[in-house]
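The values are calculated or read from the model by the stated rules, or taken from the named source; none is laboratory data. The structure presented is a predicted model; accordingly, all values stated were derived computationally and were not measured. Glycine gets a Cβ as well: all are built from the backbone with ideal geometry, and neighbour counts include every protein chain shown. Each accessible area value is taken on the protein alone, full model and side chains, heavy atoms only, with ligands, DNA and RNA left out. Shrake-Rupley method; radii C 1.70, N 1.55, O 1.52, S 1.80 Å.
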Protein chains: 2
Amino acid sequence: MTAPVFTERTDEEAVETGKALMPKFDRDGLIVAIAADVATGEVLMVAHMNQEALARTIATGEAWFWSRSREKLWRKGEESGNTLSVAELRVDCDQDAILLKVAVAGDGVACHQGYRSCFYRSVPLGASPSPATELAFDRAMKRIAPSK
Amino acid sequence: MTAPVFTERTDEEAVETGKALMPKFDRDGLIVAIAADVATGEVLMVAHMNQEALARTIATGEAWFWSRSREKLWRKGEESGNTLSVAELRVDCDQDAILLKVAVAGDGVACHQGYRSCFYRSVPLGASPSPATELAFDRAMKRIAPSK
């Protein structure tokens, strides 16, 4: 990448009510990005982008992330075929989070565990969490093929 | 808070396919939490929880967060009245993100800028971002009353 591609952040007013894209990257140079299904609204996954991943996603309309575990730029689905086609990309009020509205290619599985969403387990509410807390699997969410 | 309330994280297999709640807090002791409308699925906001915020949210069914700017525990809506009633709380595959499915109380505004969602602006796709990039406001999202 060459020159900086994002506008430098100024005051809160400009960041929150203006039209300039001024994303806030954290001290690791990352911004959190949520992918939600463009058709159903369902939240599918959460990942991180560095400047280049965000710029590539905006330019290409395909979701790119920064893999913290592998420390590399990562086009989602490059191995599994489950690429994310970005219909819309939004920023939140203080521009420290990105929302992607996507269509999942391939077999429609966004999670490497083989579920359409990474959020396939829920936590029971109404009691303090303890080692006895048991997650409940979403039975309506079919598991297809776990893949890395 | 007394004793640790969450199970210590073990191996990836247990974290991703088991029934034990083993949330991963980052080096600041925080985990990212996304609130989505339980009725429409719309992503409303992104915030952070520390151990206590997560434990309180699970125990009470009301959304608590950790405010990084104010450095304090924060019951969402305690000032604005726009509390978040949590219908469902999910964890993702590697348990480093939380998804809340919520109903927003009060005037239904989740964002302090007065919009029902913090994601009221989109980024045009198909060209590399530059200082000339202009965010588009979602005209269908009415602004009610900006409040802190």
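Quick check on my filter: what residues within segment A:95-131 are touching a strand residue (DSSP E or B) at 6+ places or on another chain (Cβ under 8 Å) and over 12 Å from residue A:44 (Cβ atoms)? Once the filter is applied, which keeps residues that are touching a strand residue (DSSP E or B) at 6+ places or on another chain (Cβ under 8 Å) and over 12 Å from residue A:44 (Cβ atoms), segment A:95-131 yields A:96, A:97, A:98, A:105, A:121, A:122, A:123, A:124, A:125, A:131. Scanning segment B:94-109 for residues that are open to solvent by less than 10 Å² (accessible area, probe 1.4 Å), more than 7 Å from chain A (Cβ to nearest Cβ) and within 25 Å of residue A:113 (Cα to Cα) gives B:95, B:98, B:100. For segment B:1-47, residues that are open to solvent by less than 30 Å² (accessible area, probe 1.4 Å), of a type outside the set (Gly, Ala, Ser), assigned to a loop (DSSP other than H, G, I, E, B) and under 17 Å from residue A:118 (Cβ atoms) total 3.
Residues that are in contact (Cβ under 8 Å) with a residue 40 or more places away in the chain and either surrounded by fewer than 20 Cβ atoms within 10 Å (Cβ to Cβ) or in contact with a Ser or Thr (Cβ under 7 Å, 6 or more places away or on another chain) (or both) within segment A:110-127 comprise A:110, A:111, listed in sequence order. Out of A:136, A:132, one residue alone is open to solvent by 20 Å² or more (accessible area, probe 1.4 Å), more than 13 Å from the chain's Cα centre (by Cα), modelled with pLDDT under 95 and hydrophobic (A, V, I, L, M, F, W, C). It is A:132. Just one residue in the set B:79, B:71 is open to solvent by 10 Å² or more (accessible area, probe 1.4 Å), in contact (Cβ under 8 Å) with a residue 60 or more places away in the chain and acidic (Asp, Glu); that residue is B:79.
Taking the criterion of being hydroxyl-bearing (Ser, Thr, Tyr) and modelled with pLDDT of 95 or more, the only residue of segment B:1-39 that qualifies is B:17. Against the condition open to solvent by 10 Å² or more (accessible area, probe 1.4 Å), β-branched (Val, Ile, Thr) and either touching a residue at least 12 places away in the same chain (Cβ under 8 Å) or within 14 Å of chain A (Cβ to nearest Cβ) (or both), how does residue B:91 come out, does it pass? So residue B:91 fails the test. Any chance segment A:24-32 includes a residue that's at the interface with chain B (Cβ under 10 Å from one of its Cβ atoms) and either of a type in the set (Ser, Thr, Tyr) or touching a helix residue (DSSP H, G or I) at 6+ places or on another chain (Cβ under 9 Å) (or both)? Looking through segment A:24-32, none of the residues is at the interface with chain B (Cβ under 10 Å from one of its Cβ atoms) and either of a type in the set (Ser, Thr, Tyr) or touching a helix residue (DSSP H, G or I) at 6+ places or on another chain (Cβ under 9 Å) (or both).
A count restricted to segment B:58-68 and to residues that are closer than 24 Å to residue B:115 by Cβ and surrounded by fewer than 22 Cβ atoms within 10 Å (Cβ to Cβ) stands at 3. Once segment A:48-57 is narrowed to residues that are of a type in the set (A, V, I, L, M, F, W, C) and surrounded by 24 or more Cβ atoms within 10 Å (Cβ to Cβ), the residue that is nearest to residue B:100 (Cα to Cα) is A:49.
Every listed requirement among (1) touching a residue at least 12 places away in the same chain (Cβ under 8 Å); (2) at the interface with chain B (Cβ under 9 Å from one of its Cβ atoms) is met by residue A:130 save one, (1). Of the residues making up segment B:66-77, none is among the aromatic types (Phe, Trp, Tyr), within 30 Å of residue A:139 (Cα to Cα) and touching a Lys or Arg at 6+ places or on another chain (Cβ under 8 Å). The residue of segment A:7-23 that is nearest to the other protein chains (Cβ to nearest Cβ), among those that are farther than 17 Å from residue A:100 by Cβ and not charged (D, E, K, R), is A:7.
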